[in-house]
Amino acid sequence: MRTWIFPSILSFILSTTLVLQASAQTLNADSTSHQSSESRLMPAFTSHTHAYNHSDEEMDTGAVKKAVGILFSDDTGYYGKSPIYLPLIKITASNIALWLVDRFIFNFDFSKVSPATWAYNFQRGMTWEDSDRFGNDFFFHPYTGGGYFMDARSVGYTYWESIPFALFGSAEWKFFFENDQPSWGDLINTTINGTFVGEATYRLTSNIIDDSKTGPERAWREAAVAVLSPSRFFSRLITGKLYSVSENPTLEREPTDVRLAVGTVLVNDASSFGTGPVKADINLQIEYGDPFQTDDTKPFSNFKLGAELTNGYQRKLIGGVNGYGLITGTPTQLGPIDTRFGIFQHFNYFDNTAFELGDAAIGVGFVTRTPVSEYHSIYGNLFLSAVPFAGNNAGFAPIDTTQQRDYNFDYGAQALGEFGFVIGPGTVDLNLTAYYYYLHSFYGVPGDNRLALIRPRVSFNVWKNLGIGFEHSIFFSDRTSPTLPAYSITRTEQRIFLQWTWNNFSKE
């Protein structure tokens, strides 16, 4: 395990929170400068016309998509597409840099490669056999794949055009920079889930970058991008955008909600309250793009992403990374109900004392909002997805001390429901999240696994952006196998937290 990654993750969470807070404040400040009903259909930066090549009077409101905050496409005149060799060179350079660290600092056995191992890798071909630990396969590979994706995305390539570069980076690493037999699971996780991580990071860093700024503000924005995405920072450096100044903002921005919760978690033995340790917990939740305020159907114009860092699971410091992003979909009005129906990509990573579970999933979903009064709304989201590839622990429960693969490869289906009730302008927020999985093992210990996570949560705003809250989690796993006894486990957790929220678009 590369031990430097955990302080990097903490830095990522804190940096993301701070910079998106500042970005949200900038968007809000710009939005409030336009008070007419007509201007509310325009981007907040209506005085900046470079990205549209229109005057204020001529601006195309169809392209603006009835924005709240800033909603427009990247300025392709300012950010042109680089030749294909540039992202390929960047990917290869990043692989070489990582290999040098693994080989000459950590001296990992897998990094001892030569032309002979390259030829042997091609001779053996791909395999499902994989000795890596769960966290390495289902978290660090998507993280790395996000960097490959960004190598192309940040030099002018679209979402769809950037996906093959993630595949290229993964294949290059597996065949040329490791002596282990190349794994199908690594290739899938790095490419598919790396695409999710890469596009989400691209859009979040676009909310931070502002090429019209100079001085200290420009410096901290660029520094924040370097923390969140070294790949994008390097792209800006080599293309000259790091220090060039544009007359106007040039990148798409969407309203973003950020929630940071810091508190304690009680990890129970089974479901007996108070029987386990009390540990520290940090939770970051990001909601990007208001699904009810735009008909923009570009991939990830709306996504949600959450991450948990905790010492509640011994060495399992990353308790979970979960999210979904809109691939395509259309908003519609069903009577009083605001609705967005679409196709969504899901990325879920759970690593706790109840189960290990990582997946690559895609399916259909409904995102809805029902206004009850001026300050009261009901939210209900439902997603049904196919899971063509997943991994979960093979035994009764995850083994905290294992250094080898202790999980199956699976396929199956996933259901996700999110339900909430907001009272007042964020005064009280009641919500429930529920996951359900059916997974069939196709490599590893044969059998079927049904898993569920039910998580009710309540938070109260007590002063400005500061709130307090409570969350209860129920983990359930039921497994049947022709080679092992059937078993079921239920485990619970309780969290108490302080919460900071920065809302960039209306929730009423």
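Here, each number is a calculation from the coordinates, and none is a lab measurement. None of the values given here were measured: they were computed from a predicted structure. Here the Cβ positions follow ideal geometry from the backbone for every residue, glycine too, while neighbour counts run over all protein chains shown.
Suppose each label sits 7 Å from its Cα in the direction of the beta carbon; what would the S131-Y243 distance come out to in nanometres?
Once both label points are built, they end up 4.7 nm from each other.
Ranked highest first by the average count of other Cβ atoms within 10 Å around their residues, in what order do 187-194, 211-218 fall?
Result, highest mean first: 187-194, 211-218.
Residue-wise, which Karplus ³J(HN,Hα) couplings in Hz belong to segment 261-273, taking 6.51 cos²θ - 1.76 cosθ + 1.60, θ = phi - 60°, and x for glycine or proline?
Karplus values, whole Hz, x for Gly and Pro: 10, 10, x, 10, 10, 9, 9, 7, 7, 6, 10, 7, 4.
Over segment 417-508, what lengths in whole Å, largest first, do the semi-axes of the equivalent ellipsoid take, defined as the square roots of 5 times the eigenvalues of the alpha-carbon gyration tensor?
38, 13, 10
Please sort 375-384, 155-164 by packing, taking for each peptide the average over its residues of neighbouring beta carbons within 10 angstrom, highest first.
155-164, 375-384
Provide, in order from the shortest bin, the percent of all Cα-Cα pairs of segment 249-309 in each 10 Å bin, continuing until the bin that contains the maximum pair distance.
For segment 249-309, the pair-distance distribution reads 18, 31, 23, 17, 10, 1.
Starting from 0 in steps of 5 Å, tell me what percent of the Cα-Cα pairs of segment 306-448 lands in each bin.
Going from the shortest bin to the longest, the percentages are 2, 9, 16, 17, 16, 15, 10, 7, 5, 3, 1.
Going by average Cβ neighbours within 10 Å, how do the peptides 433-444, 240-251, 224-235 rank, with the highest at the top?
224-235, 433-444, 240-251
Take the alpha carbon atoms of segment 448-508, find their center, do the same for segment 308-387, and report the distance between the two centers in whole angstrom.
Between the Cα centres of segment 448-508 and segment 308-387 lies a distance of 13 Å.
Report, in listed order, any pair from K90/K279; K213/K316; K81/K213; K316/K464; K174/K316 with a Cα-Cα distance greater than 29 Å.
In this structure, K90/K279; K213/K316; K316/K464 exceed 29 Å between Cα atoms.
P(r) tail for segment 139-255, what percent of Cα pairs lie past 23 Å?
Summing the P(r) of segment 139-255 above 23 Å gives 33 percent of all pairs.
Taking the convex hull of the alpha carbon atoms in segment 176-244, what volume per residue do you get, in Å³?
Considering the Cα atoms of segment 176-244, their hull volume per residue is 98 Å³.
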